[in-house]
């Protein structure tokens, strides 16, 4: 797949935004923790102040969203409570410990040199995302907290909303001459992504979050480092050791599927050990059906719950983002882990069990960024993890994994303090 040709106009727009962000990173780096905290508190206030105009712009996006799926419409939609949550997330980020300047490790070398490994900003971060306008606010706040300039490239479906949120943020940053620290690529041209991810020496890191097409486009074209925030094909495994957890197992799966089905940490496949399947599957299917969930099961599941749809091979690999759930019966924890390794996206997996040994085996054998023991996959979230918000949930193994907060948007710098030492 070849990158799309980039028009002169789009290329110039991308270069201008990137250059301004690069020029802003050094003044931003000099801003101390107290200054960054105060600016973030002012941004939260500005979001609350500008809520009416943000909602008006969001309505324009919603009116043009007729071709989007229900899941994408839900991600796109803002209301007063969601805007309030956006502002509260910025406040939480502001009050977090400063991620910069802390020593990850330090020691004195035999030469007498005192060595420190310190957290410093990455520089300029490009965030590419689709549908969710709250990402505009979260990404800007988290990058600013960590002393980074950020370039935001949202999807065209949320262009009006993103534009309004960026304007609110820049109205605060402009008071200290740093409005360019939050750049916005205001163009629906998909080729802008190709241009941006090839700006070596200007942009230091790309963080894409979205569907498979976006991930493929970015990873194919990028010449700068990329931390992927890929699909969430999440699993819950019901172990054979279940005595006393039967009702909780049903509640956990209901929450993981129905609390908000259109998000990446919603469960998509449930695996059930054959020893407890006759007990738990009829109860589970009944509860899910009452909640409006369509079940697609293997033949063994069908035998316990007649009338459900027979799952196909593609169902195991699908991130539905809807009220659809795949169910499969397995004969061991090993078989469950093999299924997860075959079809999962290394996002979030859960086990429901009373056996600590089985839980520990599950943790050791699945490679996902988050592993949950006897709780919903919906807890795999930056806010729930105490990060204030997240710039996304990384499914990469380098440089960060799982929900990424401000600390994950830093890198390291070695500082060696000597008193005239020379190396022999």
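Every listed requirement among (1) modelled with pLDDT of 95 or more; (2) touching a helix residue (DSSP H, G or I) at 6+ places or on another chain (Cβ under 6 Å); (3) farther than 15 Å from residue 376 by Cα is met by residue 321 save one, (1).
If you go through the range 99-154, how many residues are within 19 Å of residue 43 (Cβ to Cβ), touching a strand residue (DSSP E or B) at 6+ places or on another chain (Cβ under 9 Å) and assigned to a loop (DSSP other than H, G, I, E, B)? The number of residues fulfilling the criteria is 7. Here the range 370-387 is the region considered, the condition is being closer than 20 Å to residue 135 by Cα and in a loop (DSSP other than H, G, I, E, B), and the residue that is modelled with the highest pLDDT is 380.
For the range 200-221, the set of residues classified as modelled with pLDDT under 95, touching a strand residue (DSSP E or B) at 6+ places or on another chain (Cβ under 7 Å) and surrounded by fewer than 24 Cβ atoms within 10 Å (Cβ to Cβ) consists of 210, 214, 215, 218, 219, listed by residue number. If you check 226, 218, 267 for being closer than 17 Å to residue 370 by Cα and either touching a residue at least 60 places away in the same chain (Cβ under 8 Å) or assigned by TED's automatic domain parsing to the domain that holds residue 397 (or both), only one passes: 267. Out of 185, 197, report the one residue that is assigned by TED's automatic domain parsing to the domain that holds residue 166, modelled with pLDDT of 95 or more and over 26 Å from residue 402 (Cα atoms). Exactly one of 185, 197 is assigned by TED's automatic domain parsing to the domain that holds residue 166, modelled with pLDDT of 95 or more and over 26 Å from residue 402 (Cα atoms), namely 185. Residues that are in contact (Cβ under 8 Å) with a residue 60 or more places away in the chain, under 25 Å from residue 232 (Cβ atoms), part of a loop (DSSP other than H, G, I, E, B) and over 10 Å from the mean Cα position of the chain (by Cα) within the range 388-424 comprise 388, 396, 398, 399, 400, listed in sequence order. I'd like the residue in the range 194-215 that is out of contact with any helix residue (DSSP H, G or I) (no Cβ under 6 Å at 6 or more places or on another chain) and assigned to a helix (DSSP H, G or I) and, out of all such residues, is nearest to residue 396 (Cα to Cα). Across the range 194-215, the extreme among qualifying residues is 215.
The values are calculated or read from the model by the stated rules, or taken from the named source; none is laboratory data. Since the structure is predicted, the reported quantities are computational estimates derived from the model, not experimental observations. Because the Cβ atoms are built from the backbone with ideal geometry, glycine has one as well, and the counts that use them run over all protein chains shown.
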